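**Q** Structure incoming, see below.
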Amino acid sequence: MVPIAGVLASITMYALTPHGPGVSPDGVAYIELAGHLLNGEGYVIDRDQSFTARRERTPCTHFPPGYPIALALSSICCNSDVPAAARVLGALLFGANLILFATAIYWGTAHNRAATGLAILFYLTSRPLFTTHSKVMSESLFLTFSLLALLLLTRHIRHPGRYAVVAAALLVGVAATTRAVGITLGPPIIGVLLLQSGRSLRNRIRETLLFTSCALLPIGCWVLRNTMYAQSAAQVRRLGWHPVSLPEFEDLVKTMYKFWSPVSLPLRGQGLLIVIAGVVVLAAAVLLYRRNSKPGVTQSPSFTLGSLGIFFFCTYLATVLFSISFLDGSTSLDTRIMLPPLLLMTIGVVSMAWSISRSLPRKGIWPSCLALALLCIGLSARPAARNVRDIYKDGQGYTSTVWQGSELISYLQSVDGDREIYTNGPDALRLWTGRISTLLPGRQDGSTKQPLPEYENQMDQMAAACRSGDALIVYFNNITWRWYLPSVDDLVEMNALPAARTFADGFVWSQDRASKVVDAD
């Protein structure tokens, strides 16, 4: 049943994305990185122009190479361009991850078919899962490596063998070179290896060292490459102090609640339910640990998967919160960022619920859990169907019908190539026209959220270049997430700019060169 569901899911995903995969700003970078690899240019990235630096091609250290390499290999196998290959890869990963997720639930519930069937339905009716796999995003491949690693480790706990440890370790290392946050898989797995019962301390330490050394191999290769070619082990970010604020915690609560429940509740109600659920899960984890840590007792798959799911969620969330507070304050706790820990947490909670229900005298607990899950899945079906319909009809991101019919893009394709373009969407412009442009001056640093003192001077420089006829200023209305850039109202209110030309999807400020010559005469 599970393999058939996976194959059908892949076919369905491919059929429902006729406009191609959705492309975000990161997706543009992934496509370009894969293109450079296919052209034999190496793992390099073209940095956008700015007021302080011209466009240049440099070794990429910001985006880990796992997903772009997979895109390049898919392009070779499909004999197609990278976007078309990304559509195929996303469909395959959607089916593969369904199989892995359902298999984990199957193991975690002692081969309970009802739970496995509901797991398949939950996966197929999850808007975040469908949306993520239908876009050019590294999260889908990261999920594949993570789920495989957890299944291999679970098998090792039940049937010890070094090959499973080595394979799981390499998968964790590759996951970390797909998304840097993949390093958070390490601590939960190491903890499970060290705390497993029925094994001598010597064997546990030996397996832990074996896992750690193998997991560090792919990561070490990535770090060594960066040090050799980019003189930096990773992209350097400035340390700052921008602690997680209340709105960000509210976003976290909304993301967690909406992932599991389709029932609309006030924010306080959502938070209260999550707190209650968290307390219950922690209490269940302690109870199961006491039962499974007795000498001579081999840990069950339910306990192993439950422990890994919960510990991974905690380490992942702690790492993301640390990054927001000290490294990148622009990180959003949305479904894209939180999808991997939420999916693995689902496996952990279901596995623990099964194990707890088996140990209690009342036999109606597990059927009640299944009934509640079925109710939530049923309520999620209609919103999920609407989401799929919208993706099928309009596409997503920079490849949606909105961008395909963009008046602004059509106009810019006819603009002289020697005129500089300042815009809030250099990535969109590059994807659709191949034109190199400069990002608008930033009011604030996108990572630290600190004001930029050079903002006013850069705005004056941009306005002067526009008045001289050497540059255009382009503003896309559909790009709303770059909060650190000037708004369209800020640009309209600048008296130093020529009159704006209005399009259905944005504005252009430009000075006609011919008019400029006449005025000068």
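**Q** Restricting attention to the stretch 434-474, which residues are at positive phi and buried (at least 17 other Cβ atoms within 10 Å of the Cβ)?
**A** Gly469
**Q** Within the stretch 37-46, which residues are surrounded by 19 or more Cβ atoms within 10 Å (Cβ to Cβ) and not hydroxyl-bearing (Ser, Thr, Tyr)?
**A** Within the stretch 37-46, Leu37 is the sole residue that qualifies.
**Q** While we're here: Got a number for residues in the stretch 124-137 being assigned to a loop (DSSP other than H, G, I, E, B) and more than 13 Å from Val23 (Cβ to Cβ)?
**A** Of the residues in the stretch 124-137, 2 are assigned to a loop (DSSP other than H, G, I, E, B) and more than 13 Å from Val23 (Cβ to Cβ).
**Q** Of the numbered conditions (1) farther than 30 Å from Gly20 by Cα; (2) modelled with pLDDT under 90; (3) in contact with a helix residue (DSSP H, G or I) (Cβ under 9 Å, 6 or more places away or on another chain), Asp328 satisfies every one except a single condition; which is it?
**A** The number of the failed condition is (3).
**Q** Inside the stretch 254-267, can you point out the residues that are assigned to a loop (DSSP other than H, G, I, E, B) and either under 17 Å from Ala384 (Cα atoms) or outside the structural domain of Phe313 (by TED's automatic domain parsing) (or both)?
**A** Ser261, Pro262, Val263, Ser264
**Q** Can you run down the residue pairs with Cβ atoms below 6 Å, 6 or more apart or on separate chains, where the first is in the stretch 189-207 and over 18 Å from Val286 (Cα atoms) and the partner is assigned to a loop (DSSP other than H, G, I, E, B) and polar (S, T, N, Q)?
**A** Listed pairs, sorted by first residue: Gly198/Thr298.
**Q** Here is a list: Leu317, Leu333. Which entry is closer than 30 Å to Ser138 by Cα, in a loop (DSSP other than H, G, I, E, B) and either at pLDDT 90 or above or more than 24 Å from the chain's Cα centre (by Cα) (or both)?
**A** Answer to the selection: Leu333.
**Q** While we're on this one: Given the residues Ser264, Ser330, which is the only one that is without any contact (Cβ under 8 Å) to a residue 40 or more places away in the chain and of a type in the set (S, T, N, Q)?
**A** Going through Ser264, Ser330 in turn, the sole match is Ser264.
**Q** When you go through Val279, Val244 one by one, which is the residue that is among the β-branched types (Val, Ile, Thr) and closer than 27 Å to Gly108 by Cα?
**A** Exactly one residue qualifies, and that residue is Val279.
**Q** Between a first residue in the stretch 229-253 that is in the same structural domain as Thr58 (by TED's automatic domain parsing) and within 30 Å of Val263 (Cα to Cα) and a second residue that is at pLDDT 85 or above and part of a loop (DSSP other than H, G, I, E, B), which pairs have beta carbons less than 7 Å apart while being 6 or more apart in sequence or on different chains?
**A** Glu248/Leu333; Asp251/Ser332; Asp251/Leu333; Asp251/Asp334; Leu252/Leu333
**Q** Just one of the numbered conditions (1) part of a helix (DSSP H, G or I); (2) modelled with pLDDT under 95; (3) among the small types (Gly, Ala, Ser) is not true of Ser146; which one?
**A** Every condition holds for Ser146 apart from (2).
**Q** If I filter the stretch 195-203 for residues that are modelled with pLDDT of 90 or more, surrounded by 12 or more Cβ atoms within 10 Å (Cβ to Cβ) and either outside the structural domain of Phe303 (by TED's automatic domain parsing) or more than 30 Å from Ile45 (Cα to Cα) (or both), do I get at least one hit?
**A** Yes: one or more hits.
**Q** Next up: Exactly one condition in (1) among the aliphatic types (A, V, I, L, M); (2) touching an Asp or Glu at 6+ places or on another chain (Cβ under 6 Å); (3) assigned to a strand (DSSP E or B) is not met by Leu408; state its number.
**A** (3)
**Q** Still on this structure, I have one more. If we keep just the residues of the stretch 485-521 that are exposed (fewer than 13 other Cβ atoms within 10 Å of the Cβ) and in a loop (DSSP other than H, G, I, E, B), which is modelled with the highest pLDDT?
**A** Ala504
**Q** Of the conditions (1) touching an Asp or Glu at 6+ places or on another chain (Cβ under 7 Å); (2) within 16 Å of His133 (Cα to Cα); (3) at pLDDT below 95, Leu339 satisfies every one except a single condition; which number is it?
**A** So the condition that Leu339 fails would be (3).
**Q** Which of the residues belonging to the stretch 63-100 are surrounded by fewer than 15 Cβ atoms within 10 Å (Cβ to Cβ) and within 19 Å of Asp427 (Cβ to Cβ)?
**A** Once the filter is applied, which keeps residues that are surrounded by fewer than 15 Cβ atoms within 10 Å (Cβ to Cβ) and within 19 Å of Asp427 (Cβ to Cβ), the stretch 63-100 yields only Asp81.
**Q** Can you tell which of Leu379, Leu344 is outside any strand (DSSP E or B), in the same structural domain as Glu248 (by TED's automatic domain parsing), closer than 30 Å to Leu246 by Cβ and aliphatic (A, V, I, L, M)?
**A** Leu344
The values are calculated or read from the model by the stated rules, or taken from the named source; none is laboratory data. All values reported here derive from a predicted model rather than from experimental measurement. With ideal geometry, Cβ positions are generated from the backbone for all residues, glycine too; neighbour counts draw on all protein chains shown.
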